[in-house]
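Notes follow once the structure below has been shown.
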Amino acid sequence: MNIIRIQTLRGPNLWSLHTAIQAVVRCAENELCLDQLPGFEDRLRERFPQIAAFQPGTAMASALELAAFGLQAQIGCPVAFSRSVATYEPGVYQVVVEYTEESVGHLAFELARELCVAAHDDLPFDLPAALERLRILNEEVRLGPSTGAIVAAAVARGIPFRRLTEGSLVQFGWGRKQRRIQAAEMDSTSVIGESVAQDKELTKYLLASAGVPVPMGRTVTDAEDAWTAACEIGGPVVVKPRDGHQGKGVAANIESREDVMAAYAAASEISAKVMVEQYLPGHDFRLLVIGNRLVAAARREPPHVIGDGEHSIRELVDEVNSDPRRGDGHATILTRIRFDDITLATLANQGFDADAVPRKGARVALRNNANLSTGGTATDVTDDVHQDLAARAVTAANMVGLDVCGVDVVCENVLKPLESQTGGVIEVNAAPGLRMHLQPSFGKGRAVGEAIISTMFPVHEDGRIPLVAVAGTNGKTTTVRLIAHLLGQTGKRVGMTNSDGVYIAGRCIDTGDCSGPRSARNILFHPDVEAAVFETARGGILREGLGFDRCNVAVVTNIGMGDHLGLNYISTVEDLAVVKRVIIHSVAQNGVAVLNAADPIVAGMARACPGSVTFFAHDRHERVLANHLAQGKRGVFVEDGQIIAAKGKLRFRIDMEDIPLTRNGTILFQVENAMAATAAAWGLGIPWGIIRRGLANFVNDAKTAPGRFNVFNYRKATLIADYGHNPDAIRALVQAVESMPAKRRYVVISGAGDRRDCDIRLQTEILGDVFDEVILYQDDCQRGRADGEVLALLREGLVNACRTTHIEEIRGELLAIDAALLRLQPGDLCLILIDRIEEALAHIAMRHTEA
Amino acid sequence: MRNRKENACVTAMCDVGFMQRKAIRFLNILSLRGPNIWTYRPVLEAWVDIGALEECPSNTLPGFVDRLCAWLPTLAGHRCSYDEPGGFVRRLHEGTWAAHILEHVTLELQNLAGIPCGFGKARETGVRGIYKVAVRARQEDVARACLHAARDLVMAAIEDTPFDVEATQQQLQELARKYQLGPNTACMVDAATAMDRGIPTLQLSADNLVQLGYGSRQRRIWAAETDHTSAIAEGITRNSELTRRLLKACALPVADADKGEPEGGGQRHRLLVVGDTLVAAARLDAGAENFSLPHTAADVTDQVHPETAAAACLAARVIGLDIAGVDLVAHDIACPLASQDGAITAVHACPGLLTHLQPASGEPRPVGRAIIDHLFPNGDTGRIPVVGVTGSSGTTEVARLVAEFLRLSGKITGLACADGLFLNRRRIDASDCGNWQSGRRLLMNCSAEAVVIENGADVILGQGLAYDRCQIAVVTRIDPARHFGKYHIDRPEQVFQVFRSQVDVVLRGGVAVLDAADPMMPEMLPLCDGEVILFAIDPTLPEILEHRSRGGRAVFIRGDGLVLGSATDEASLVPLTEILLIAEAPSNEHLESVLAAVAAAWALGIAHHVIRTGVQTFSPDSNANDGTHPTTPDPITPHSMPTHA
């Protein structure tokens, strides 16, 4: 078995809406049917017993698929989809396996391959080690519990998200509407607020100013001063580093001079500044404030064990740690209790050592601080919090200037206001851990992620911007440009990708073929973009899937006879339709698919659309369109020189003469593009006045739409430059040309080497019936064809031409253009099918100026 | 705001007296942290006993003036009462007294320490040989150290003993540096407090954390970061790989990951983006390391190509920063980046502003002002309604009434008065809170949408006002004799000086509420920058009639009703019988309090029906607490402002 290619499908794709690994696998002769490969399945199941059952007659590609899937499932990745499909090439399969984490998916795929090889060659395979590798990687790359909860809340609200790093930086929403979080910080979380929270003394000053109870105390200069401060305060004190975190170096409830001095020494190791403050008796509580609201509260307990009169403290700790809920980091509900010097010191304070056996029922504290990260537990008390106490927590967050804030309170209980007990706020934390509220050790979990999301996104806001995806064989680029133009007329800054480049509010920020998912993602990341229109070419969909999860409007202009057939195992028009249909699957439930009713394959996509459908066709009597209209659904067609948008009895009419793109309706393919764009704009809810204005002032010339039916007047002859390069495009051009007056017709054409022979031939077959003279050219780039091969095919297509009387062959695109121009007489028409758009247009423009 | 016509330097009359030691003794040093009887700015007020020196003006001390001028040659610049350079030295030669000399030397030492201060006054008290010396204190601890050093220096000059001026100056400079705001913060504070912005500032920590504006309208700055500077964005800037990737996604030109600089080379530029605008650009001089130091970069703000400016602004947006320093490399900043392989190399949160404030060449750019205009757009001053209440009696009652009106009008209202510190009905502190500290607490409180602060004469004399300016000043009845004997106050004119401090700070659009029956009123009225509303029980008082005839407003009793009177109209607000306070304890004092408070509420634009409800329901005892829990003395004492030594 040979893996020829592995790709990562990061968005909705040919196979499913899930993220997936896609591989092309070649199986050897004896691997095509596992039933006939003796002992393989047994050896495989010996090595990985949990692998799913095979279908009879399965090839090894399926074993690979099921292994890659099963390995991920075994470590708890929530995967559901996998498939393997034979291609038209014998022995070659496409294997698709869903992943939840890209790198985990790839590793699982690699391990699955190793597993298959091991089973094949009867070599050992260390399954536990493999699963451990996967598990470790998964822990490393997947979102932590805090970020994960926020992302889950966003997903539940339909808010799109995207991880910007392998860490916890996540983008929610798109373009102008995007927001970001990083763990439990929002993008609105102030850096000053965080600095203030870091400074405990300043925090206390601000809190006290606003009447939030805080413990008395101050920063001390040395151990002696620490003791002085303790005496000033009187009673038990807490000694802690001023700029510490996670409770390191904190000593609480100490009173004696020796203890204070020792605590100072420990704290000063963590921070140059040490604080001594009043010890507040009671429990540690964490109050979580998000926005202006108390969202959750938990009582936190330091790790401890209860004696049973039999086991040593060390054994008791081991027993507690054997709880499967306890892990080693932040990823699990609880963290294992560490047995370290701090533990031993804490035990020593209680007169124990690690091997002491506490009497039954004795409570032995293992640490003084209650942080989850050192083994503490949390009990949800959200519903108990007194309103005044909650108000103090909110005030504390406001005074520090944090919109997500963990307020640490010490008090007897939260049922009473702080003022009625000796309670106080001891610390305010930025980026608080959410684990203790999401999955408290005891009590109810709280919807903390939801609270953060609802602070960033008001109830009916999903962070999405209007998004239109356009696919089809021909007319995509013009349709995309026209829709973007109509959206732009509403005042929105429109991001657009097409096969020419990336545009923001009409400004080109990148050039080249940008019809793939990467450009789409960049548009959706751009902070200025308020609406997006994407050309979605097949290449990107096949290679990586869509760059977005959902669109408001999806347009499929046409499939016709197709283009690029034979590439990437897409050999038939039906295969191609499946690719183009991916955007229809991605239409939102309240979205619209705009489909060409005259193209049966496109019309058939309507069934795949989760939203509604708007059909368009020149002829309102087109069966699919007529049926649709009869049902009171939306359709767009041409009647009496008007484009008419109809729904039930509603009619919106636009005169063709007010759509310059269509040249008074004579250029049928532009009429189609205009209908598709009109239907899309209708689907977006753009007012008709704006649609009319936009259609009227849309400019389509060599400058704005290079290679898209650019018309020039050259010495009283008509020149048309176009990038059409497949039989359907040629047919459309021929229709347009036939509607234009001309004495003699000339065409300049080459063929792209990566098309099928029949497709190349067909182009000239069509042209030969319409054009008087044909100038064939070939350029350096032959896309894998031998010199002259393409020219020969083009010539073959002209063999039965009814109109062509003159054929020339020229090497070099520009020379071919010149040859045609030389022959041109006033009143003639010349169609130049350009290949290198920029150079050819520049050349034509130059000749145009000369003339 | 009027100029106070006082002699800056009052010489004490040398009278025949008893002999004492020739010495300068500080009897008391008051820190007046807000507007006070001397000036609008914080000062130190030292009570100085010059003992036998009272007999010895400067010209009688052999060699003193020469020694002093030799040690502090810059004293020659002091104008003093002659209003020309050398004025003070002339006074020294003609003979002036030790307290006056102490004032000038203290100011000069502050200047030498790097904290330029202009304001100083020395005045004799009623007690012979004892003076009040007031000096501007931009930073209290530095001013205090300068005051002590000045005493030692003057004494050394008098006694002709050695004094190490240089060492003293160094010590003071060090101290000043320790407390001084960093240049970034300082330029923003200066821009905020500039006359045409008038945004109040409060330093929250010695570590450059500054509050701009009051209460709920406040914003905070810390160096070149604001409370809107995103922590996540700042984190992104610290990850150069991530920064580059995000910028690249938006098609911004970025430098190669390995080299950190674009291949084509070019000069390093720093573009400062504030909000969504390019406000300054600097080009690093050859040989200079980075933009952190002054005088190392040329200002090129006016040359930046608009596309490059747009790219810098987009970079700031992509990262998510409200204030950003965008570093880029370009051969010519006047050309688009794309035309010259220019690239963005880094984006900084908290960019240093010095490079733009003190360029090596070209114009300094008002970047502090740009940031302030961004934080407070459209001339917003960040102020909430602040009501200051002063007078000899009834101030607590007035303050509580006004606070109640404000609360009823829907504003979260802070109140600092003798009855305690309140936020709406919650009593935060039950001790006497009619003081500077408590006023400050309220102004810092980000919940407070309006603030009422009671300032007795003692607060103005001993602490200063908590606010720089206020919207409403209320002066209740003044009883001068009540204030005699404290703070060396023994004459009615001095009492007038105390209470006028409150009227002086009324904002231009604000209102002073004055007692028409008070003999000091006519003199106080013209001191107010804003409007004046008079109150009196008797509507026929000539002062009321005259004020109204000139278009002024007044509040008074007519018949059995409380009336709001303008020039021509009178609106009866409420019958006296319905005013709860009067019903509970009828007296003219209470009635005057109600009149003053109603006048203030009227001045605040509070609707009549709200004021009516307020007087109908307000009783000081019933409103002390909302009753959710008993008020226990706060076990927690507020901390003084932390210092970050």
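Among the numbered conditions (1) closer than 29 Å to residue A:511 by Cβ; (2) outside any strand (DSSP E or B), tell me where residue A:594 comes up short.
(2)
Under 7 Å between Cβ atoms, at least 6 apart or on separate chains: pull out the pairs that start in the range B:322-350 with a residue that is more than 14 Å from every other protein chain (Cβ to nearest Cβ) and charged (D, E, K, R) and end on any residue that is part of a loop (DSSP other than H, G, I, E, B) and surrounded by fewer than 18 Cβ atoms within 10 Å (Cβ to Cβ).
That search, which allows pairs on different chains as well, returns B:341/B:263; B:341/B:264.
Checking residue B:217 against (1) within 13 Å of chain A (Cβ to nearest Cβ); (2) under 30 Å from residue B:452 (Cβ atoms), which test does it fail?
Result: residue B:217 fails condition (1) only.
So residue B:280 clears everything in (1) more than 14 Å from chain A (Cβ to nearest Cβ); (2) part of a loop (DSSP other than H, G, I, E, B) except one condition, right? Which one?
Condition (2) is where residue B:280 drops out.
From the list B:314, B:272, exactly one residue is under 34 Å from the mean Cα position of the chain (by Cα) and of a type in the set (A, V, I, L, M, F, W, C). Which is it?
B:272
Please identify the pairs in which a residue from the range A:505-522 that is at the interface with chain B (Cβ under 10 Å from one of its Cβ atoms) and closer than 11 Å to residue B:251 by Cα has its Cβ atom under 6 Å from the Cβ atom of a residue that is buried (at least 16 other Cβ atoms within 10 Å of the Cβ) and among the hydrophobic types (A, V, I, L, M, F, W, C), counting only partners at least 6 apart or on another chain.
A:509/A:502; A:509/B:251; A:510/A:502; A:510/B:251; A:519/A:502; A:522/B:249
Out of B:513, B:532, I need the residue that is assigned by TED's automatic domain parsing to the domain that holds residue B:468, without any contact (Cβ under 8 Å) to a residue 40 or more places away in the chain, within 13 Å of residue B:473 (Cβ to Cβ) and within 24 Å of the chain's Cα centre (by Cα). Which one? Quick ask: steps written out before the conclusion?
Working: B:513 fails: without any contact (Cβ under 8 Å) to a residue 40 or more places away in the chain.
The match here is B:532.
Which one of these does residue A:526 not meet: (1) closer than 23 Å to residue A:727 by Cα; (2) within 14 Å of chain B (Cβ to nearest Cβ); (3) not aliphatic (A, V, I, L, M)?
Here residue A:526 clears every test but (1).
Would you check if residue A:217 is within 9 Å of chain B (Cβ to nearest Cβ) and on the phi > 0 side of the Ramachandran plot?
Values: within 9 Å of chain B (Cβ to nearest Cβ): yes; on the phi > 0 side of the Ramachandran plot: yes.
For residue A:217, the condition - within 9 Å of chain B (Cβ to nearest Cβ) and on the phi > 0 side of the Ramachandran plot - is met.
Output the residues belonging to the range A:150-172 that are within 13 Å of chain B (Cβ to nearest Cβ) and assigned to a loop (DSSP other than H, G, I, E, B).
A:164, A:165, A:166, A:167, A:168
Counting just the residues of the range A:409-455 that are assigned to a helix (DSSP H, G or I) and more than 28 Å from residue A:187 (Cβ to Cβ), which one comes out farthest from the other protein chains (Cβ to nearest Cβ)?
Once the filter is applied, the top-ranked residue is A:418.
Can you say whether residue A:383 is outside any strand (DSSP E or B), within 30 Å of residue A:186 (Cβ to Cβ) and away from chain B (no Cβ under 14 Å), as far as the supplied structure shows?
Answer is yes for this residue.
Of all residues in the range A:529-539 being more than 14 Å from every other protein chain (Cβ to nearest Cβ) and in contact with a Leu (Cβ under 8 Å, 6 or more places away or on another chain), which is farthest from residue A:482 (Cα to Cα)?
Ranking the candidates gives A:538 first.
Tell me, yes or no, whether the range B:165-176 has at least one residue that is free of Cβ contacts under 8 Å to residues at least 40 places away in the same chain and either in a loop (DSSP other than H, G, I, E, B) or within 12 Å of chain A (Cβ to nearest Cβ) (or both).
Within the range B:165-176, none of the residues are free of Cβ contacts under 8 Å to residues at least 40 places away in the same chain and either in a loop (DSSP other than H, G, I, E, B) or within 12 Å of chain A (Cβ to nearest Cβ) (or both).
Name every residue in the range A:756-813 that is of a type in the set (Ser, Thr, Tyr), in contact with an Asp or Glu (Cβ under 7 Å, 6 or more places away or on another chain) and outside any strand (DSSP E or B), in order of residue number.
Those that are of a type in the set (Ser, Thr, Tyr), in contact with an Asp or Glu (Cβ under 7 Å, 6 or more places away or on another chain) and outside any strand (DSSP E or B): A:804, A:805.
Does residue B:243 fit the bill of being in the same structural domain as residue B:269 (by TED's automatic domain parsing) and of a type in the set (Ser, Thr, Tyr)?
Answer is yes for this residue.
With touching a residue at least 40 places away in the same chain (Cβ under 8 Å), crowded, with 24+ Cβ neighbours inside 10 Å and closer than 20 Å to residue B:69 by Cβ as the only criterion, which of B:122, B:137, B:143, B:149 stands out?
Values: B:137 fails: closer than 20 Å to residue B:69 by Cβ; B:143 fails: closer than 20 Å to residue B:69 by Cβ; B:149 fails: crowded, with 24+ Cβ neighbours inside 10 Å.
Matching residue, one of B:122, B:137, B:143, B:149: B:122.
Could you tell me whether residue B:339 is part of a loop (DSSP other than H, G, I, E, B) and either of a type in the set (Gly, Ala, Ser) or surrounded by 24 or more Cβ atoms within 10 Å (Cβ to Cβ) (or both)?
It is false that residue B:339 is part of a loop (DSSP other than H, G, I, E, B) and either of a type in the set (Gly, Ala, Ser) or surrounded by 24 or more Cβ atoms within 10 Å (Cβ to Cβ) (or both).
Filter the range B:233-250 down to the residues that are part of a loop (DSSP other than H, G, I, E, B) and either surrounded by fewer than 20 Cβ atoms within 10 Å (Cβ to Cβ) or more than 9 Å from chain A (Cβ to nearest Cβ) (or both) and list them by number.
Step one: of the range B:233-250, the residues part of a loop (DSSP other than H, G, I, E, B) are B:238-239, B:250.
Once the filter is applied, which keeps residues that are part of a loop (DSSP other than H, G, I, E, B) and either surrounded by fewer than 20 Cβ atoms within 10 Å (Cβ to Cβ) or more than 9 Å from chain A (Cβ to nearest Cβ) (or both), the range B:233-250 yields B:238, B:239.
Testing residue A:277 on (1) in contact with a Cys (Cβ under 9 Å, 6 or more places away or on another chain); (2) at pLDDT below 90, one condition comes back false. Which one is that?
Answer for residue A:277: the failing condition is (1).
What single numbered condition from (1) modelled with pLDDT under 90; (2) closer than 13 Å to residue A:747 by Cβ fails to hold for residue A:828?
Residue A:828 satisfies every listed condition except (1).
The values are calculated or read from the model by the stated rules, or taken from the named source; none is laboratory data. Just so we're clear, the structure is a prediction, and the values are computed from it rather than from any experiment. Glycine also receives a Cβ, built like all others from the backbone with ideal geometry; neighbour counts cover every protein chain displayed.
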